[in-house]
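Comments concern the structure below.
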Amino acid sequence: MTTPEQVPGTSLTPLVSVPNTFTHEKPRDPYWYKHAVFYEVLARGFYDSNGDGTGDLRGLIEKLDYLEWLGIDCIWLLPLYESPLRDGGYDISDYMKILPEFGQIADFVELVERAHERGIRVIADLVMNHTSDQHPWFKASREDPDGPYGDFYVWSDTTERYSDARIIFVDTEQSNWSYDEVRGQYYWHRFFSHQPDLNFENPAVQEAILEVLRFWLDLGIDGFRLDAVPYLYEREGTNCENLKETHEFLKRVRSEVDRLYPDRVLLSEANQWPSDVVDYFGDYESGGDECHMNFHFPLMPRMFMAVRREQRYPISEILAQTPAIPENCQWAIFLRNHDELTLEMVNDEERDYMYSEYAKDPRMRANVGIRRRLAPLLDNDQNQMELFTALLLSLPGSPVLYYGDEIGMGDNIWLGDRDGVRTPMQWTSDRNAGFSRADPARLYLPLIMDPIYGYQGINVEAQRGNPSSLLNWTRKMIQIRKQHAVFGTGAFTELHASNPSVLAFVREYGDDRMLCVNNLSRFPQPVELDLRRFEGTTPIECMGGVQFPPIGELPYLLTLPGHGFYWFQLPPVADEGQSAKEQETPQPAVVTAAPVARATSSTTARTTPGAGRRPDPQP
C-alpha cells in the first residue's frame, strides 16, 4: 500500500485510515464511508483482459494499482449480474450469477481480496425494485399465476390502478402498466416495460431479496448502492413513492446488515428533495437505522447552474434547505455518473435554462436530463473542471468520481440511450486506447476519436507524465482531502460573502479547520469575508503551503482569478508562534494571488517547497 506524501500546508492529524480496517490486529471502522472517496466504474468499459472487446473483472484487477495510485478508497461497480443488457445491466435475469462476459464468481472474490489488500473497498449496484422480464421469477409468475411465484410481481386486470404515479422514462414509456399476453393481465413497471416491478407486499419477495444481499455480503463485498429504492411499494391515492412500507423494509434490511456485517454500507439512490431523502437515513435519534448514505441529487444540477449564472445562490439555497442528518450517516455527492445529468429536482424554468446552456443539441438530452460527461459540459475548460472538482471534494458529503472524468474524457452523443457516457476508458494513445487487444470493430462501444477528446491526446499515460495535467492535479487534491478529517465529518458553515459570485465556507472538526473560497465567475473577483472569530490565525494555502497574512478584526480581502478557488488551513492560534504584539494588533489583509487550481504553474508554486512536483513513479 502506497502512503500519500505529506502535502505542504496539510494537517498531520491522524485519520482512521482505510487500510487498517482490513487487518486482524485492529478493529474494523464502521464509519469508513464518511471519509471515503468513491470511484464509480463500469467494468465493461474499464479494461479488457482477454481481448474480446469487453471490459471484465480481471481487467479491473489489473488496474487496481492505478486506482491505488489515484488515491480512491472505494470502487462502486455498476451491475455485474446476469442480464439481457437491455438497460445496461439494470435489468437483472439472475441475482446470483455474474454476466459471463465479465467473468466468474471466483473473479469477483479475487477482485474484492486484491482491492482489500490495497486498502480499497468494493460496493456494487443492487436493483431491488425490479427484474428483467427474462428472470425465472417473472417467467414462472406469468405462466403459473397460482404457483409459488405467481404473486412475485404486481399484476392487475386494469390500468386504472395507481394513476397518481408519474412516468419516469417519459421518452420511451406511455404508461406504468404493460399487458402480458401469456398471463392475460397487466404488470406494473416504474421504469422500462421490460423491467417488471417486484411485489414487496409478498413476504417471499422480501426474503428472496434478503437472501441476495447475504449471498454477496458473504463473498466479501463492502456494501451496495440500492437502486430506485423509493418505488418498492404501491398504494392507491398516492404517487407510489417514499411510502411508509418502503422505509419499514429498509429498516429490516439495515437490521440484517448490522447484525451480520457491521462494517458494510448501504447507499440509497433516492432522487428526491432533501426533506424526503433524509427519511432514508432512518431514525435521527439512534444515528440512523435505514441507509448509511444517500445521494444529494438536487445539489448537483445547482452547481452547474450557479457557475453558469456566476452566482452562488443556487448552491447556497439548496444547502440551506438540506436538513440535518443522523450522526452516523453521510451524503454522497457527485458531478456526473453513468446516467443523464438528471433535472427532475429543478422547476420547469430552471430545466429550460439548463437545457439552453448545457444541451443545445437535442441529442444531448435524455429523459428529464442531459447525457453528457463533465468535460464536454464545461467546454473542456480545465479551470472549470478544477473548480467543480474542488467543490466536489470540499462540500459536505463523500465525493463520487466517475471513471474517466479524472482525465477529462469526452462523450459520444450519437450513441443511443446513455451509452454516450459509457465508452471505453482511455489508457494510452495506442491501439484501442490501450483498453483492449481486440479488433476495433469488436469493442462493446466505439472509442472517442474526435479531435478534442480523442484517446490519442486524452489518456492516462500522457497525463501521468505531465505534472500539470488534470489527472495529477486531481490526485493531489484527493491527497489533501484525505489528510483532513474535516472534509468527511466536519461541520459546514457558509460565510456571508460581499460578492455574490463567490461561495465561501468553513469546514470545522475540532482543531482541523478549512476555509474554502470559490469564484463561480469566469472573471476575476474580489471578496471581503468576516473572519473575526479566527482573529490572529494565519491561513495556510493547501497546495503550496504558503502562509497568507494573519486574520484581523477588519474584513479579510481576497481576490480570485476567473473560476479560481482557495483551500486554506486555519490552524489554532496557539500553534502559530506569533508574538503577543502581533496578536494584539492584527492588520487587515489584502491578497492577490493565483488560486489553488493553478498553483502548479504560479510563481508561488515554483518558490515553495513541494509545489509543482512531478508525479511519483508509476507503481
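If you wrap the stretch 327-439 in the convex hull of its Cα atoms and look at it from every side, the mean projected area works out to 9.2 nm². If only the Cβ of Lys and Arg carry +1 and only the Cβ of Asp and Glu carry -1, the dipole of the chain around its Cα centre is close to 2180 debye.
Roll a 1.4 angstrom probe over the protein heavy atoms and tell me the percent of accessible area of the stretch 190-339 that is carbon or sulfur. Carbon with sulfur: 47 percent of the solvent-accessible area. Report the one residue of P376, W331, C291 whose Cα lies farthest in the direction of the positive end of the charge dipole of the stretch 233-376 (charges on C-beta: Lys and Arg +1, Asp and Glu -1; origin at the Cα centre). Of the options given, the answer is P376. With protein chains left intact and a 1.4 Å probe, residues in the stretch 287-360 average 31 Å² of accessible area per residue.
With the gyration tensor restricted to C-alpha atoms of the stretch 258-402, the semi-axes of the equivalent ellipsoid amount to 29, 15, 15 Å, longest first. Charge dipole of the stretch 337-410 (Cα centre as origin; +1 on each Lys and Arg Cβ, -1 on each Asp and Glu Cβ, all else neutral): 240 debye, rounded to the nearest 20. The calculated FRET efficiency for T172 paired with T559, based on their beta-carbon distance and R0 = 41 Å, is about 0.25. The accessible-area ordering, largest first, of the residues S436, S275 stands as S275, S436, per a 1.4 angstrom probe. This model, with +1 at the C-beta of Lys and Arg and -1 at the C-beta of Asp and Glu, gives the stretch 504-575 a dipole about its Cα centre of some 280 debye. Since only V253, P424, L42 are under comparison, the one whose Cα sits farthest along the positive direction of the charge dipole of the chain, derived from C-beta charges on Lys, Arg, Asp and Glu, is P424. Only protein heavy atoms count here; on that basis, with a 1.4 Å probe, T54 has an accessible area of about 10 Å². Within the same chain, aspartates and glutamates fewer than 8 places from K360 are excluded, and of the rest, those with a Cα less than 13 Å from its Cα are D352, D379.
Net length available on complete extension from D417 to R437 is 4.6 nm, with 0.36 nm assigned per residue and the Cα-Cα distance removed. Only one residue of G220, L232, N199 has its Cα farthest out toward the positive end of the dipole of the stretch 180-280, where Lys and Arg carry +1 and Asp and Glu -1 on Cβ, and that residue is G220. Note on T159 and F215: with the Förster distance fixed at 35 Å, the Cβ-Cβ geometry gives a FRET efficiency of about 0.50. Spin-label pair Y284-A204: with each label point 7 Å from Cα along the Cα-Cβ axis, the two points sit 4.1 nm from one another. Would you mind calculating the relative contact order of the chain from Cα pairs under 8 angstrom and at least 6 residues apart, reporting the percent as a whole number? This gives 13 percent for the chain. The aspartates and glutamates within cross-link reach of K251, meaning a Cα-to-Cα straight distance under 15 Å and a gap of 8 or more places when in the same chain, are E207, D279, D283, E285, D289, E290. If R0 is 51 Å, the Cβ-Cβ spacing of R86 and Q547 corresponds to a FRET efficiency of close to 0.30. Under the simplified labelling scheme, the E349-I105 pair shows an inter-label distance of 5.6 nm, with each label point 7 Å from Cα along Cα→Cβ. The residues of the stretch 159-198 have, on average, 47 Å² of accessible surface per residue, using a 1.4 Å probe with all protein chains present.
Heavy-atom surface analysis with a 1.4 Å probe gives the stretch 423-558 a carbon and sulfur content of 53 percent of its accessible area. Taking only the C-alpha atoms of the chain, the Rg (one decimal) and the largest Cα-Cα distance, Dmax (whole number), read 24.7, 87 Å. Counted residue by residue at 0.36 nm each, then reduced by the alpha carbon distance between them, the extension gain from D430 to A320 reaches 34.8 nm. Each label was represented as a point 7 Å from its Cα along the Cα-to-Cβ direction; for D258 and S468 these points are 5.2 nm apart. The packing ranking, built from the mean of other Cβ atoms within 10 Å per residue, places the peptides 32-40, 331-339 in the order 32-40, 331-339, highest first.
Remark: the stretch 153-165, residue by residue, has Karplus-estimated 3J(HN,Hα) of 10, 9, 10, 7, 7, 9, 9, 7, 6, 6, 5, 7, 7 Hz, where x stands for each Gly or Pro and the curve is 6.51 cos²θ - 1.76 cosθ + 1.60 at θ = phi - 60°. Taking every protein chain into account, the accessible area of the stretch 94-148 amounts to 38 square angstrom per residue (probe 1.4 Å).
Residues whose amide H falls under 5 Å from that of L85, counting only those 5 or more places apart or on a different chain, are D91, with hydrogens built in the peptide plane.
The values are calculated or read from the model by the stated rules, or taken from the named source; none is laboratory data. Just so we're clear, the structure is a prediction, and the values are computed from it rather than from any experiment. Here the Cβ is made from the backbone with ideal geometry for all residues, glycine too, and neighbour counts use every protein chain on show. Quick note on the areas: whole protein, heavy atoms, side chains included, nothing else; ligands and nucleic acids left out. Shrake-Rupley method; radii C 1.70, N 1.55, O 1.52, S 1.80 Å.
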